[in-house]
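Remarks on the structure that follows.
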Amino acid sequence: MRIRRGLAAWFGSQRRGWSGAHCGIPQGRRDLRHKFVGTGSRSRLAVDKLGGRPANASESRHCRPQPRRRHFLLGQQRPGFQRRYYRHQRSDLSIDGFRTSALTTNVLLCRIDGNFGGVERNLLSLATGLDTSRFRPIVVTIANDGELARMAKAKGIASEFIPMKNRFSVMPASRALIDIARRWNAGIIHTFGLRSNLLAALARKHLDGKWIVRLPNINRRDYKNPIQGQIFHWLNNSLIRRADALQVISPQLEEYIKNRPHPPQRVFLIPNGVDLSIYKKQGTGERFRQSYGIAPDAPIIGGVGRLDHVKGYDILLEAFRRVAQIRPDARLVIVGDGPLRLPLQKQAESSGFPLPVVFCGYVTDIASCLEAFTLFICSSRSEGVPNAMLEALAMGIPVVSTRVGGIESILNAGVNGILIPCNDREALASAIMELITDEEKALRYGAAAQKRIASNFSLETMLERVQTMYEEVLA
């Protein structure tokens, strides 16, 4: 169709002059100004309302079909000349069985599909909560077609997959992202993580939509090797400069970004949100206690997250060893999976004093675990605003956390929780003992935190802010 229209425009200009009928302009719209787009750098051609004559006759040659060109990233291109307004004039179209309206902006939500954690849950909550009359989400998983893609399909959300043979095959993956964005006519590409940021940055010049980066934290502390962390931190900072907008989730991160050289023009502060209809305490977690053989009156100290170095579970085990010597009835429950599960299990069984620790592995129903917790622990070495902590606070569970990342924007020490220095075993053990022995203080902290989450960190508030960000970026 595009080739025929291009040929019609060329023959019309050569044989019969510039008339609207031979330039591919629909009947009834020849009195308007239209823009034609080709593949060349000087490819815009304005047609005035007097008979379809080109406004600039010197550029009439750009209305002709352009020869096929090869590009190192795009590969073989289609011949040029398509009407820009034509794509937005259609009432609707169908892509892979999903119907989309011309008034709806398609949003690509891009994330590498690895362990299903807080970022993946946040992305899925965003995809299911967007107003589909304004924004239609398409979940794009990279490298692995795993749990995120499966859950998106189960909820009826359109999904795409970009395969990667290894971490260095970024050029084919960038071409795949360009193809997906063009096929869906994506107005926004929203990336979550370094790998998706890299693909979007490579494809940026060839994408018509706006690129938004979600930055959860300063990721140089996410790696055990400090040199590797510094390299990835530098790479991510260099990539996000090209983005149209940046979404940060804490005031501390917003201040850090704005003080950096060459920050993005638009920075939006949008904290994570919690679905308050799901995360509300409805019982004492009797079913959870029975399934793991925990006594009804035993205090449960719990943590939720992937078993990785950055989460600091090795520090939590050492602190709990001191707690278990004073309160042998206490139990430590760790929900999540990851590469450090076996080393952590060996650490819990070492030193001739096996700890009463329960490793639950990956759990889909986090709320059923949280309602059994007496105390929630965040021992991370680096964090943004952890979803698991927000969910625990929404259920009125008192929290002890390290003072890292954006956690200070949630917890006020002595008001709704306890903050301790990072990697401090003694301080963590002391804070745990303080709250499991003083039940009145624990209940007071939990009630204050629950009120703060309901007023500032609800899922509805997050969705409203994200959609406002989309509209401002598109304006």
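The values are calculated or read from the model by the stated rules, or taken from the named source; none is laboratory data. If you're wondering where the values come from, they're calculated on a predicted model, not measured in any experiment. Here the Cβ positions follow ideal geometry from the backbone for every residue, glycine too, while neighbour counts run over all protein chains shown.
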Just one listed residue, out of L194, L215, L207, is touching a strand residue (DSSP E or B) at 6+ places or on another chain (Cβ under 8 Å), within 26 Å of E255 (Cβ to Cβ), at pLDDT below 90 and among the hydrophobic types (A, V, I, L, M, F, W, C), and it is L215
Say whether the condition of being more than 25 Å from E255 (Cβ to Cβ) and outside the structural domain of L215 (by TED's automatic domain parsing) is met by at least one residue in region 408-418.
-> no
Tabulated pairs, region 352-365, first at pLDDT below 85, second in a loop (DSSP other than H, G, I, E, B), C-beta under 9 angstrom, 6+ apart or interchain | T364/F116
Those residues of region 416-437 that are touching a Lys or Arg at 6+ places or on another chain (Cβ under 7 Å), surrounded by fewer than 21 Cβ atoms within 10 Å (Cβ to Cβ) and not in a loop (DSSP other than H, G, I, E, B) come to a total of 2
Determine which single condition I157 fails, assuming it passes every other condition in (1) under 21 Å from F116 (Cβ atoms); (2) β-branched (V, I, T); (3) out of contact with any strand residue (DSSP E or B) (no Cβ under 8 Å at 6 or more places or on another chain).
-> (3)
Residue within region 413-430 that is hydrophobic (A, V, I, L, M, F, W, C) and either touching a His at 6+ places or on another chain (Cβ under 7 Å) or modelled with pLDDT under 90 (or both) present | yes
Checking H190 against (1) over 24 Å from F376 (Cα atoms); (2) surrounded by fewer than 22 Cβ atoms within 10 Å (Cβ to Cβ), the condition it does not meet = (2)
Within region 178-200, the count of residues that are on the phi < 0 side of the Ramachandran plot and either more than 16 Å from the chain's Cα centre (by Cα) or among the polar types (S, T, N, Q) (or both) comes to 12
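Just the residues that are of a type in the set (S, T, Y), modelled with pLDDT of 85 or more and over 11 Å from the mean Cα position of the chain (by Cα), please, taken from region 96-140.
Scanning region 96-140 gives T104, T105, T128, T132, S133.
State which residue is farthest from the chain's Cα centre (by Cα) when the search covers only region 311-330 and only residues that are hydrophobic (A, V, I, L, M, F, W, C) and closer than 15 Å to P421 by Cα.
A319
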Could you list, in sequence order, the residues of region 179-206 that are within 29 Å of Q230 (Cα to Cα) and assigned to a loop (DSSP other than H, G, I, E, B)?
-> G193
Candidates K311, K280, filtered to the one that is touching a residue at least 40 places away in the same chain (Cβ under 8 Å), crowded, with 16+ Cβ neighbours inside 10 Å and either on the phi < 0 side of the Ramachandran plot or in the same structural domain as S401 (by TED's automatic domain parsing) (or both) = K311
Based on what the data block shows, is I278 closer than 26 Å to L130 by Cα, modelled with pLDDT of 85 or more and of a type in the set (V, I, T)?
-> yes
